[in-house]
Structure formats: C-alpha cells, structure tokens
1. I need the GluC sites (Glu not before Pro) found in the stretch B:132-239, filtered to DSSP loop residues with at most 10 other beta carbons within 10 Å of theirs.
2. Using the Cα atoms of chain B, I'd like the radius of gyration and the largest Cα-Cα distance, Dmax, both in angstrom.
3. Give me the net charge of residue A:116's neighbourhood, meaning all other residues with Cβ under 13 Å from the Cβ of residue A:116; Lys, Arg count +1, Asp, Glu -1.
4. Could you bin all the Cα-Cα distances of the stretch A:225-321 into 5 Å bins starting at 0 and give me the percent of pairs in each, rounded to whole numbers?
5. Sort A:253, A:183 by Cβ crowding within 10 Å, fewest neighbours at the top.
6. How far apart, in nm, are two points set 7 Å out from the Cα along the Cα-to-Cβ line at residue A:163 and at residue B:188?
7. Which of the helices in chain B meet the span-like rule: DSSP H, Cα axial reach of 24 Å or more, Kyte-Doolittle mean at least -0.5?
8. Could you work out the mean count of beta carbons from other protein chains within 10 Å of each residue's beta carbon in A:225-238?
Amino acid sequence: MWRTILRRVLIMIPQLFLVSILIFMLAQLMPGDPFYGNLNPNSDPATIARMRHAAGLDQPLYQQYIHWIDRVFHGDLGTSYAVNKGWTVTRIIASRLWPTISMGIIAAILTYVFAISEALLSARHENKTIDRILMVWNTITSAVPSFVFYFLMMILFVYLIPIFPASGTGIDDSQSFTTSFFSNLRYAFLPAFTIALFSTNSIFQYLRSNLLDQQAQDYVRTARAKGVTIKDVFRKHILRNAFLPIASGIGYSITGVLGGAMFAETIFGYPGIGALFVQALTSRDYTVITAVMLLQGFLALLGGLLSDVISAWVDPRIRVK
Amino acid sequence: MAEKLLDAQDVSVEFKIAGEYQKALHKVNLSINHGEVLALVGESGSGKSTFAMSVMGLHNPDQTKVTGSIKLNGNELIGLTERQFDQYRGVSVGMIFQDPLSSLNPLMKIGDQIAEAMTVHDKHTQQVSNRVLGLLDDVGIVDAKRVAQQYPHALSGGMRQRVMIAIALANEPDLIIADEPTTALDVTIQAQILDLIKEIQQKKNAGILLITHDLGVVAEMADTVAVMYAGQIVEKAGVEELFNHPKHPYTRSLLRADPSDVKPGETLYAIPGTVPALKDMDHNKDLFLQRVPWLDESVVNANVKDELQQVGDHHYVRGTAWQNFEFNDVTEGENQV
Ligand SMILES: Nc1ncnc2c1ncn2[C@@H]1O[C@H](COP(=O)(O)OP(=O)(O)OP(=O)(O)O)[C@@H](O)[C@H]1O
Ligand SMILES: [Mg+2]
C-alpha cells in the first residue's frame, strides 16, 4: 500500500515537469506580451525594448523556461501586471485560495449527495416515473451550459428572494478566524449548492447504470440462494460493488474544482481562484495565468494520485498488485 | 412408501417477453428421493436452469408465471411468499452454479461469504468462524484459515467452486441443486469437483439435482436421468437403462453426439439445428422431430400427449415416434443447419 503511494508520488515529478513545459508553451502562444495594453502606445520602441530586455523576454525560449521554472522552485511566481498590479502572484493566490477550497469542498460533497440520492431513487424505480424525471433532469442540466443556471440561481436567491449575500467571500482579516470562517460559509453556500445541483449528471448516470448492472450479477443470485432477502442483498452486496468505481472518482473531482469555479465564482461575484483566472485572462496577466494553470496541473495530478490510492484502498482486487 | 424429497408435478413456467408470456417449461414432472442423484440433461436453451430456478423460487415474480406443484419434503413451494421462500432457500436446499468466479461477491472475504449463509438464517449461530473453517475443511481446502481471509480473485477456479459447495452445504440441506457445476473448470479439476460432490452426497445422504450437458458426468454421477427438450421431459430412466436402451430420438441423438465416445479419426455426430425459440414452441407436438430431416411431415406434426409412456422398469418416454425411429446414415456426421 505505502509502496504504491510512494511509487505514484515519484511518478508525479516527471509528470509535473511535463505539465510545466506545456503550460509555458501555452503562455508563449497567447497573443501579445505582458506589456501589451499597459504601455503608452506612443512609447519609444527603444524604451519597450529595454523593458522587454529587463524582463528577460528577448532571451531564447529554453532559457526563459529555465529561468521561470527556477524561480517557481524558489516560490517566486512573479509579479502581477494587471489584476493586482505590483502584488506578487503568490500573495494573490494565497488570498484567493481559501474561498475556492471552502466552496469546492461544499460543492463536491453536495454533488455526491445529490447524485447518489438521485441514482438510488432511479435504480430502485427503474423505468418508472421518478426514474424518467431524473433522467430528463440530468440530461437537461448537462446539455444546457452551466452558467445559464448560475445566472438563474443568482437572480432567484440574491435579487428576487434575497436570502444570500450578493458578492464577496465574507472573509475579513480583521476578524477572528472562526468569525471569518463562518461568515465565508454563508457566501460560499449558494455558488457551491448551485454548482452541485446542476453537475450531478455524470456521477448519476454512472452510478445508476452500475446499480442496475450489479443487480444482474451472478453473485446476487448466490446471495439470494443463501436466503438473503432482496433488501439485504442490496445493502450488503450490491451497494458496495456499485459504489466502488465512484469512490475512485472522488480524487478526480478535485481536478474539476477550478474549472467549475471559473463561471460560478465570476457570476456570483465570489473572488476565488476561478474568478482570478477569468480576470487574468481578460487582462492578459501572464504571470497570474501561468501560475493558476500550474496550480490546476498540480491539482489534476494530485487528483489522479488520490484516485489511485482510494481505488487501491477500497478494492481488494487492486490491493494485491 | 417414504415421502419423496422433491416432487414436481406439472410445472410450467412462462416468461414475460416483450409484454407477452411465453412458455419455457411445459408440465414437467420430476421427483428425487432422499440420497438420489437425478441428472437433468438437454441442450442449451432446453429449460434446465429454468426448472432449477423454479425450485429455488428465484424467478423474478413480475416477469414470470410458475404453475403446477413443487413439493419439498411434502411442503408446497409454489405460492410461497418471498419471505417464506427466503427462509427455505439455503436451509432445505443449497445451490451450486456454473461460474464460481462471478458467483462470488468480489469484495467480500471467502469466510464472510460462507458465514453469511449461516447467520442469515440464525443470527445467534455459535462459533461461526469455527464452523466456516470446518466447512472449508469438508470441501477439501487444506489451508482453511488463510483461505477464509482471502478474496475470490485470489483463488483458483477449482478452489472457488469448492467454496461455492461449502456455501451450499452450510446448513446441511436435504437437496443440492448443481447447475453445470463443472462446465467452467478445466478437465482435471472437473473430476476433483465431481468426486467431492459425490463424496458429500454419500456422507450426508443428500438428494442432488445435477444439471449438465456432459454425458460423461451423467454416467459417473447419476442414479436417474431425465432428458429435457424445449421445456418438456422426453425421457426418464435409471442411468444404466438409459445408456443401454435409449428410446426417444432426442436421447439417442444426444448419446450419438457425445464427444467422449468418438475415436480418433471419426467425425463427431452433431444434431442438426437448435432448440426452437420460446415463441415457436408448440408443446402439443414432439418438438425434437422437427430437427430430424428424414422424417415424414405427418410424423413431425402429429399431436403427442404430455404424459410419458412407461416402456420398462422405471423407464418412461414421451410419444411413439421412437418406435420406428432410425438414424438415416446418409446424414450421419453432417452438421446440417
Ligand atoms: N428470465 C428469463 N426471461 C426470458 N427468457 C428466459 C429467461 N430465462 C430463460 N429464458 C429462456 O428460456 C429458455 C430456457 O432457458 P434455460 O436457461 O432454462 O436453458 P438451459 O437448459 O439452462 O440452457 P443452458 O444449457 O444454456 O444453461 C431459453 O430460451 C431462454 O432464453
Ligand atoms: Mg442453464
């Protein structure tokens, strides 16, 4: 078990390097450069060249990469050009991280709660009305772009029935930690709940078909032949087998947190990492963009690692290998 | 006369397929005495498992109609509620299935799967783990302590089938149903498993319903043989009588198509065609005759009574076509479809 984890962690190192190279190249492909739009259009070309030189932008690409990755290793992600001009990127990310984490955790938990309840209901009443309704509901929520629902929820619960605060994170550094924590929950809840409500589709579909599949397995017949009641066969045999693949997916759901947060945070005016990324994209704040992409890459790898560890932990068939 | 262990009378089963009920079993009569091994043979699709599942009460009640009478130790099973059936399954009758890997829960330890067979009927079973080890011992697993802690995937096919047998035996049932217990195993293991079943049967004096299409298995294990075709029994006899004096054309075709009788260089006889689909079964006829190309239409289409005719000591056959039946050598060895 520990060896599995260690091996997976070691594999992450070259993976991280690959991801960093990829992200660096992507940043290069973006139009313009960090000074784009920040300079007086009438600036003297010599001045621009000097500034570019000072920023190291006239060096060959591989050297730029080495410089960049070297600084990243030393915890220096550069300075923001636009979003919070003059702030270090580390400082910006630090200030945005907690809101995204708190919202992400609530969203992930609620997504599983919703998707699992829906799947259990559906599988129990296969092809009955409730099953059909849930199938249609999930098809709709996955077909319609999520931001449409985010706007609707925003209008509904912030303006029409104002039970949730309009924007902000509720975090106030002048307050005590606990006050800040609970005030943040009030702000995080609506976006998190909204994300969860409309993103059940993949888990729902997967779990529903798992449950139906497992009911037809031979081991179910064996359990019935022992005299185990239908209810207990479901509780003691089918559930665990059907949930197994879902458990390993929990790791991957980390990967999706930032992606899901982009629209939700922007629409609900909840300034976390997702909203930061959108801001950075629109203002071409390169250092911030690359830093957030790096964070996302790291989370993706971490999610994969977590998924593998969970699988190995819950599935005896994998445990042995 | 002593009471029969299993007594099935006029058992018919219909499955709801695309909204309509279609008959898979038609008026099956079978009985098993205490300590008797009854082999039920027939090609794929003839209804053997359907009969077994009726005895176990494991057909989906929403999609299946089971009629007739099935008595176990004199108690009627047809019409029992789900709850009543749960109390009898695994207690009076245990079942062994074809594929021991898929028949075991992949996420549950072997020991727990065996223990469940006991605790499900009596929560206060004493010394469950000792009894589990005892059962594993009974089915010839040497390393019982270690095996009990393992998951099914870690065992070999033969070991898994031994575990399935231990589960079936957990409550010392009077009747054991084995539905093709060796089909999924390789040949050397097959022999071991058959020996084990035989040994247990003799030790516990249990009755066995053995479903197979391997006539070698029948010859080795069975006291009595029933031949099933298209949901009907076409012939029933003691094992020696059946092998030495087969009457029904289907029985004779099966014996002729037995691969274990073929000598090197000989062509294996294959019965032309396949068992008809449920919707094409007219149980007033002797359905097998449709697959004998050289027979007269009038013979093939003749109406035949459900009841079997006695033709010898404990030997019963359906219809009269067997009286003039002969293999037409022109078609021998050919596999006509
Ligand atoms: N649950 C079911 N629903 C519909 N049809 C079924 C069902 N179970 C069995 N049948 C049909 O009933 C017929 C008999 O099937 P059964 O499984 O009893 O055959 P079998 O003799 O056990 O064959 P095999 O040797 O392949 O196991 C087949 O035509 C099969 O398709
Ligand atoms: Mg079968």
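1. Values: sites: B:199, B:220, B:235; in loops: none.
Answer by residue number: there is no such site.
2. Here Rg and the maximum Cα pair distance are 20.9, 67 Å.
3. Values: positive: A:124, A:208; negative: A:118.
Charge balance near residue A:116 sits at +1.
4. Spelled out per bin, shortest first, that is 3, 13, 15, 14, 12, 11, 9, 8, 7, 4, 3, 2, 1, 0.
5. On the way: A:253 20, A:183 17.
Going from sparsest to densest Cβ surroundings: A:183, A:253.
6. Label-label distance for residue A:163 and residue B:188, simple model: 7.0 nm.
7. Details: long enough: B:187-204 (26 Å, -0.10).
Passing helices, by number: B:187-204.
8. On the way: counts 18, 18, 17, 8, 6, 2, 0, 3, 1, 0, 0, 5, 6, 1.
Shielding by partners across A:225-238 averages 6.
Only the coordinates and a few stated rules stand behind these numbers; no lab work does. What you see is a predicted model, and the numbers here were worked out from it, not measured in a lab. Cβ coordinates were reconstructed from backbone atoms using ideal geometry, including for glycine residues, and neighbour counts include every protein chain displayed.
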